[in-house]
Structures are given as C-alpha cells and as structure tokens.
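The values are calculated or read from the model by the stated rules, or taken from the named source; none is laboratory data. Keep in mind that what you see is a predicted model, and the values were worked out from it rather than measured. Cβ atoms come from the backbone with ideal geometry, glycine included; neighbour counts cover every protein chain shown.
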Amino acid sequence: MTMSQLEKYQMYIGGKWVDPLSVAWLESDNPYDGKPWALIPRGNEEDANRAVAAAKAAYTSGDWPGMNATSRGALLRRLGDLVARDAERLAAVEVRDNGKLINEMSVQLKYVPQWYYYFGGLADKVEGAVIPTDKANMFNYTRHEPLGVVVAITAWNSPLLLTAYKLAPALAAGNTVVLKPSEYTSASALEFAKLVEEAGFPPGVVNVATGYGREVGEALISHPDVAKVAFTGGSATGKHIYETAASGLKRVTLELGGKSPNIVFEDADLEDAVKGAISGIFAATGQTCVAGSRLLLHERVHDEFVDRLLETAKTARMGDPMDVETQVGPVTTPPQYEKVLNYIDIAKDEGATCVLGGHAAQRPECGDGWFVEPTIFDDVTNDMRIAQEEVFGPVLSVIRFGDEEEAVEIANDVMYGLAAGVWTQNVRRAITMADRLQAGTVWVNTYRAISFMSPFGGYKMSGLGRENGADAIREYLQTKSVWISTASEVPNPFVLR
Ligand code: TXE
C-alpha cells in the first residue's frame with residue numbers, strides 16, 4: 001500500500017475532527033504482515049494543550065456540568081449500545097492493529113458495552129451522607145463530586161477494554177476526559193470517538209489525542225489543569241507518571257505489569273489445570289498483564305503435567321489472527337518481538353531447560369509477521385530473571401515446589417502482585433492460598449476471569465488503585481463536607497466551633 005492508500009485518521013478534540021498541529025502522522029502497522037495499514041495523528045504538546053483546554057471548558061461550561069446524573073447515565077448506556085452495534089467492526093480494527101485473535105477480540109468487544117451499562121447505572125446512585133455531628137445546631141452532609149479533567153492512557157494489548165475500565169467510571173462520576181491510546185494501536189480509540197459523537201456527548205467531554213507517549217503523553221500528564229491520570233502500561237512508565245503527577249498533586253490509578261504464579265497442586269484436576277496453564281500464557285500470545293507466566297508445579301505431578309502441557313501446546317495453531325481457527329497470533333510490536341526473543345536468550349543463558357519453542361516462528365502460515373513460537377522453560381528457579389521480570393509474550397517458566405508453604409514463598413517472592421491461579425480440589429487449601437497470595441486477583445480452578453463488577457488492580461509494583469466494580473467510581477470522585485448552622489445567632493467568633 002502507498003501512503004495515500006492508507007486509512008488516514010484525525011484526532012477528536014472539543015467535538016471536532018482535527019489534524020495534528022505538527023501536521024505529522026505515524027504509520028500503524030499490522031503485526032500479521034508487518035505492513036502499515038493506517039496513519040495516526042502525531043500529536044504534540046500543543047495538541048495536548050488544546051485537548052485539555054477543551055476538556056476543561058466542557059467541565060466548567062456547556063451542557064455537561066448541568067446535566068443530572070440520570071441523564072449522564074443514559075448517555076453512557078447509549079454509548080454502550082453503539083459499541084454493541086459495532087462490536088464486530090471494532091474488533092476487526094483492533095486485530096489489524098494489535099494482532100490479537102478475532103475470536104478473542106470479538107468476545108471482548110461484545111463484552112465492553114457492559115462497562116458503559118454498569119457505570120451508567122451507577123451514575124445516579126452515588127450518595128453522600130448526613131453526618132450525625134457532635135456539634136449542637138449544625139447540619140453536616142457530604143457530597144461526592146467529580147475531579148475535573150481526567151487523562152486516560154492505555155496500552156496496546158486490549159485498547160478498547162482498557163478504555164472502558166477508565167472512561168465508564170470517569171464519565172459516570174461527571175468528569176471530562178482526554179484519552180491517549182498507545183501509539184501502536186490508536187485506530188480503535190478514534191473509531192470509538194465516532195460513537196461518542198453519535199451518542200450525543202457534549203463537545204469536549206471526551207477527547208482523543210494520539211501520538212507518542214514522550215510527546216503528547218508527557219504534555220498531558222504534566223498539564224496543570226489535569227486532575228487525575230488513569231494509566232495502564234509498563235511499570236517504568238507507570239513510575240514516571242506517578243512521579244510527574246506527584247509534583248502537581250494529581251491523583252493516579254496505575255495498572256502495571258505482573259509475573260503471576262499459576263500454581264498446580266498434586267490434588268488438582270490435571271486436565272483442567274493444563275487448560276488453565278495454556279490460557280494463562282499462550283492466550284493473547286502471552287500479552288496480558290495477568291499472564292500466568294510462572295507455572296508452579298508440585299513435584300509429584302511435575303513430569304506428568306509437563307508432558308500433557310507439551311502435548312497441547314505443540315498443536316497450537318499459529319497464523320492469521322483474522323482466521324477463527326488460529327490459536328496463537330503475532331506479537332504486537334517490533335520492540336516487543338525483540339524483547340521476547342531477548343528474554344528467551346536470557347533464560348537459556350541462565351540455564352533453564354527449553355522444552356518447547358525457544359525461537360522466532362518460521363512457519364509459512366506466519367508470513368512476515370512478528371511471531372514467536374510458544375515457548376516453555378523447565379527447571380526454572382525463582383531467582384532467575386526469566387522468573388522475576390515481565391516478558392509479556394508466549395514464554396512460560398516452570399518452577400517446582402514441594403509443599404504449600406514453599407508454593408506461597410515462591411509465589412510471593414517477586415516485586416509484582418497482579419494475579420495468581422490455584423489449582424486444587426481441596427477447599428481448605430483453596431481458601432488458605434487465596435488468603436496468603438499477595439495478588440489483587442486470585443483465581444481458583446480457573447484463569448483470566450474478569451468482570452465489570454469485580455475489582456481489578458495490583459498489589460506491590462503491579463499498581464495503585466482499583467478498576468472495575470462499584471468502588472471504582474470512587475477513584476474519580478472527591479468528597480466535600482458541607483456544614484450548615486441552624487443556630488439562631490453566631491457564637492463567639494474567637495473560638496473553634
Ligand atoms: O508500554 P508503555 P510499552 C509492559 C510490557 C511491555 C512494556 C513496555 O512488559 O514490554 O510494558 O510496553 C504511554 N507520558 N506492558 O512500551 O511505554 C504510551 O504512549 C505519558 C504491560 O508499550 O508503558 C502508551 O499509551 N504517557 C502492560 C502507554 O503509555 C506515556 C501493557 C503504555 O506504554 C509516556 C503494555 C509518558 N512519558 C505493556 N510514555 C499491562 N500491564 O498490561 C509512554 N506513555
């Protein structure tokens with residue numbers, strides 16, 4: 001395709017479709033064939049400034065601040081309906097941009113509307129309290145008010161799902177938003193903005209500014225008129241955002257990486273557990289923050305389990321992510337592809353035993369895309385880098401353990417704490433493990449279950465704050481305490497009331 005044949009996008013700012021002030025565009029590549037398919041506006045600092053200005057104007061004037069919460073909720077539900085209507089189309093855009101399977105993205109996009117329905121329903125159920133104060137002749141109540149302008153920054157692995165995690169509660173609470181999608185996968189956010197417009201949100205309530213993190217992103221997170229940054233991405237960027245936000249006393253929610261343990265006990269249903277191990281690391285090509293990248297196997301079932309795992313993993317069909325038969329697609333970006341291959345080399349150097357894959361895929365069905373063979377390392381010890389650092393690809397580390405105590409010790413001995421899986425038939429063990437694992441989500445006899453109604457977030461270096469679930473709306477609200485005197489006269493002004 002020549003430049004002129006590529007789909008050329010504009011940014012959505014203040015209810016208008018605009019070219020970037022840089023007059024520059026970035027190519028967005030299809031990970032399956034490695035070729036560009038779209039042009040994304042390369043926003044700069046001035047674009048960030050005008051997006052924040054539009055969001056600030058929409059927060060303080062126009063239809064949005066006066067709109068009651070019930071009407072806001074109705075708008076969110078309308079948006080959910082439009083996403084549902086266009087789910088297949090949006091899924092296809094995401095597959096072209098991030099290379100995840102059409103099977104996975106179709107299911108995901110059909111589910112995304114639930115966030116807009118759920119938080120739309122919650123919008124008018126945010127209630128303050130009347131405080132029974134200790135003061136005589138005083139009436140004291142609380143209100144939960146929005147924060148102002150929220151910047152939502154998303155990663156490339158599930159662009160519109162991560163957008164929903166942030167936008168649905170932020171808008172339900174009455175904030176306005178500037179969305180900054182990953183420079184690798186911005187097309188779906190711009191397609192989504194068309195639905196925001198169609199739903200009838202007042203101009204400036206939702207803005208989409210695209211471009212590089214260090215250009216438009218940096219300008220957004222350091223802008224003085226931004227009240228909060230909601231972020232999903234890598235840990236290094238998350239720390240940087242936290243530090244930058246601190247100087248402006250901005251609030252943050254951070255959803256960062258993981259090195260999640262998937263723990264199989266000797267009493268587990270091994271057939272189910274094999275499926276759990278596969279879904280933990282090879283689904284979505286391992287590019288999920290909750291990837292079960294450390295498989296902890298009880299020594300009594302280790303050999304049998306590895307054999308069964310290999311049997312299934314060996315037959316995984318790689319290829320075109322748009323083909324419904326494909327099970328493992330490409331890695332999303334060239335730097336990520338290099339990173340995954342580099343970690344494979346590191347694991348080999350560290351002495352882990354490669355029992356499957358261990359190199360780039362050279363199958364005809366993988367074309368020129370960025371494919372890595374599903375890879376399994378056995379004999380990994382938890383001090384190795386391959387056990388401690390997030391790879392974010394189809395690379396599994398198998399670690400043995402002898403008893404429950406050792407499983408807990410290994411599982412918790414990482415800087416991350418996003419998720420964990422436990423496979424056992426023993427109820428006492430399931431509950432004890434769920435208590436003891438340092439992770440924001442624990443799955444027992446299942447893996448990768450998420451819902452709009454269940455809190456999601458990290459312990460330790462996996463993040464701050466929670467997304468999803470009713471409490472998530474609190475992350476976008478601040479509390480005001482209102483005192484009203486019912487006394488007939490003002491008392492002595494020189495003493496504290
Ligand atoms: O993420 P970045 P990258 C992990 C994964 C991956 C690594 C790097 O291990 O290998 O992170 O991925 C924006 N100010 N995860 O480089 O850079 C950026 O434009 C403001 C785990 O893609 O963190 C994008 O929109 N914004 C993760 C977003 O941050 C900035 C999912 C994420 O990009 C910025 C993705 C700046 N200075 C990667 N710099 C998960 N937890 O699921 C970057 N950005």
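Okay, here's what the table says:
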read-out: Odd one out for Pro374 among (1) within 16 Å of the ligand (Cβ to nearest atom); (2) touching a Pro at 6+ places or on another chain (Cβ under 7 Å); value: (1)
read-out: Every pair of residues 6+ apart whose Cβ atoms lie under 6 Å, when the first sits in the range 205-219 and is more than 28 Å from Met67 (Cα to Cα) while the second is assigned to a helix (DSSP H, G or I) and more than 9 Å from the ligand (Cβ to nearest atom); value: Val216/Asp47; Val216/Ala48; Ala219/Glu45; Ala219/Ala48
read-out: Answer residue from the range 180-194, given it is of a type in the set (Gly, Ala, Ser), touching a helix residue (DSSP H, G or I) at 6+ places or on another chain (Cβ under 8 Å) and not in a loop (DSSP other than H, G, I, E, B) and is surrounded by the most Cβ atoms within 10 Å (Cβ to Cβ) among those; value: Ala189
read-out: Which listed residue is more than 16 Å from the ligand (Cβ to nearest atom) and more than 20 Å from Ala51 (Cβ to Cβ), from Thr176, Thr142; value: Thr142
read-out: Test: Tyr118 is within 14 Å of the ligand (Cβ to nearest atom), aromatic (Phe, Trp, Tyr) and modelled with pLDDT of 95 or more; value: no
read-out: Hits in the range 53-96 (condition: hydrophobic (A, V, I, L, M, F, W, C), in a helix (DSSP H, G or I) and more than 21 Å from Pro159 (Cβ to Cβ)); value: Ala53, Ala54, Ala57, Ala58, Trp64, Ala69, Ala74, Leu75
read-out: Residues of the range 17-40 satisfying the condition of being closer than 24 Å to Pro224 by Cβ and modelled with pLDDT of 95 or more; value: Val18, Pro20, Leu21
read-out: Options Ile281, Ile263: the member that is at pLDDT 95 or above, surrounded by 23 or more Cβ atoms within 10 Å (Cβ to Cβ) and over 21 Å from the mean Cα position of the chain (by Cα); value: Ile263
read-out: Test result for Phe192, away from the ligand (no atom under 14 Å from the Cβ), within 18 Å of the chain's Cα centre (by Cα) and farther than 19 Å from Asn445 by Cβ; value: yes
read-out: Residues that are within 16 Å of the ligand (Cβ to nearest atom) and outside any loop (DSSP other than H, G, I, E, B), drawn from the range 402-417; value: Tyr416, Gly417
read-out: Every residue from the range 219-248 that is within 22 Å of Leu167 (Cβ to Cβ), near the ligand (Cβ under 6 Å from one of its atoms) and surrounded by fewer than 19 Cβ atoms within 10 Å (Cβ to Cβ); value: Gly234
read-out: Pick from the range 362-401, criterion of a type in the set (D, E, K, R) and in a helix (DSSP H, G or I), ranking: modelled with the lowest pLDDT; value: Glu365
read-out: Among (1) within 16 Å of the ligand (Cβ to nearest atom); (2) more than 30 Å from Gly80 (Cβ to Cβ); (3) of a type in the set (D, E, K, R), the one test that Arg448 misses; value: (2)
read-out: Where Asp267 falls short, out of the listed (1) part of a loop (DSSP other than H, G, I, E, B); (2) among the acidic types (Asp, Glu); (3) within 15 Å of the ligand (Cβ to nearest atom); value: (3)
read-out: Residue list for the range 195-210, restricted to those being in a loop (DSSP other than H, G, I, E, B) and either within 13 Å of the ligand (Cβ to nearest atom) or not β-branched (Val, Ile, Thr) (or both); value: Gly200, Phe201, Pro202, Pro203, Gly204, Ala209, Thr210
read-out: Qualifying residue in the range 107-114 (condition: aromatic (Phe, Trp, Tyr), over 28 Å from Ile221 (Cβ atoms) and surrounded by 17 or more Cβ atoms within 10 Å (Cβ to Cβ)); value: yes
read-out: Single residue of the range 310-342 satisfying the filter (more than 23 Å from the chain's Cα centre (by Cα) and of a type in the set (Ser, Thr, Tyr)) that is surrounded by the most Cβ atoms within 10 Å (Cβ to Cβ); value: Thr326
read-out: The range 338-361, residues that are part of a loop (DSSP other than H, G, I, E, B) and among the aliphatic types (A, V, I, L, M); value: Ala352, Ala361
read-out: Cβ pairs under 7 Å, 6+ apart, first in the range 453-475 and closer than 16 Å to Leu147 by Cα and among the acidic types (Asp, Glu), second modelled with pLDDT of 95 or more and within 14 Å of the ligand (Cβ to nearest atom); value: Glu475/Thr253; Glu475/Gly465
read-out: Exclusive hit being buried (at least 24 other Cβ atoms within 10 Å of the Cβ) and in contact (Cβ under 8 Å) with a residue 24 or more places away in the chain, set Gly73, Gly80, Gly62, Gly99; value: Gly99
read-out: The range 458-497 - residue that is in contact with a helix residue (DSSP H, G or I) (Cβ under 8 Å, 6 or more places away or on another chain) and not small (Gly, Ala, Ser) and, of those, farthest from Leu76 (Cα to Cα); value: Met461
read-out: Scan of the range 122-147 for residues that are at pLDDT below 95 and small (Gly, Ala, Ser), ordered by number; value: Ala136
read-out: The range 343-362 - residue that is within 23 Å of Asp29 (Cα to Cα) and surrounded by fewer than 15 Cβ atoms within 10 Å (Cβ to Cβ) and, of those, nearest to the ligand (Cβ to nearest atom); value: His359
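Residue-by-condition table, conditions (1) touching a residue at least 60 places away in the same chain (Cβ under 8 Å); (2) part of a loop (DSSP other than H, G, I, E, B):
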position	(1), (2)
Gly257	yes, yes
Glu271	no, no
Lys275	no, no
Gly280	yes, no
Thr288	yes, yes
Asp307	no, no
Leu310	yes, no
